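> To start, I am sharing the structure in question, which I have written as structure tokens.
The values are calculated or read from the model by the stated rules, or taken from the named source; none is laboratory data. Being a predicted model, the structure only gives us computed values, none of them experimental. Here the Cβ positions follow ideal geometry from the backbone for every residue, glycine too, while neighbour counts run over all protein chains shown.
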Amino acid sequence: MNPCSFPLFPLNLVLFPGGVLPLRIFEPRYLTMIGDCMKNGSPFGVVLSANESTHRGGGAFHSIGTLAQIEDFDQLEDGYLGVTCRGTERFNVIDHHLQADQLIVAEVEMLQESEVEQELPANILEMTQFMQALCDQEDLKDWASTLRPEWDNGDWLSCRLSELLPLSIESRQALLEMSYSQRLSQLSKVMQENKMI
């Protein structure tokens, strides 16, 4: 697949495909970015901010991220712009440059899942049932209402579990960088070690 160009929004979070991301926008560079994306119906890239001393290549963000498509927006009471986005596809940053307004624009390649059937953990049913039970919990009702359930989709399930389980942000980034079968396998281990399944 040919590389494409997208503006980047480094954040202190990991966005997974299918995940919902609410944002409060106030910086001029990102207000312009959001305006352009809404006008063109185009996405922007969300990447995890990184410590320059620990990230290879010296960049201020991790190179694997997720495209975010704007679904809704609203003017908030504090005057900021409220935007609701949903993650779509994973990408890898090949190169990037800083515009005069300090917005990062990156050349990226999209990361495609293998079309070969991937092996799922033996306890995939228990993992699915755990996730379904979480969605029924009262304190997660609002989050669950944003979902577009695909219970038979291992990739979708792995992304939702990665969002919900109590993991460090570094662990979430590592999971994002895996294929979904690797991600499910790793999550299965974590859930078994913590007696969730």
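> Is it true that some residue in the stretch 154-177 is in contact (Cβ under 8 Å) with a residue 24 or more places away in the chain, hydroxyl-bearing (Ser, Thr, Tyr), crowded, with 18+ Cβ neighbours inside 10 Å and not assigned by TED's automatic domain parsing to the domain that holds Ser63?
yes
> For the stretch 1-95, please list each of the strands (runs of 3 or more DSSP E) lying entirely inside it that holds at least 3 residues being at pLDDT below 95 and of a type in the set (Asp, Glu).
none
> Would you mind stating whether Asp101 is of a type in the set (D, E, K, R) and at pLDDT 95 or above?
Working: of a type in the set (D, E, K, R): yes; at pLDDT 95 or above: no.
So Asp101 does not fit the description; no.
> Kindly evaluate Ala144 against the criterion of being surrounded by 13 or more Cβ atoms within 10 Å (Cβ to Cβ), under 20 Å from the mean Cα position of the chain (by Cα) and in contact (Cβ under 8 Å) with a residue 60 or more places away in the chain.
Criteria not met by Ala144.
> If Asp101 satisfies every condition in (1) surrounded by fewer than 13 Cβ atoms within 10 Å (Cβ to Cβ); (2) of a type outside the set (A, V, I, L, M, F, W, C); (3) over 21 Å from Ser49 (Cβ atoms) but one, which is the exception?
Of the numbered conditions (1) surrounded by fewer than 13 Cβ atoms within 10 Å (Cβ to Cβ); (2) of a type outside the set (A, V, I, L, M, F, W, C); (3) over 21 Å from Ser49 (Cβ atoms), the odd one out for Asp101 is (3).
> Considering only residues that are assigned to a helix (DSSP H, G or I) and within 12 Å of the chain's Cα centre (by Cα), look in the stretch 175-197 and name the one that is farthest from Ala122 (Cα to Cα).
Going through the qualifying residues, I end up with Leu176.
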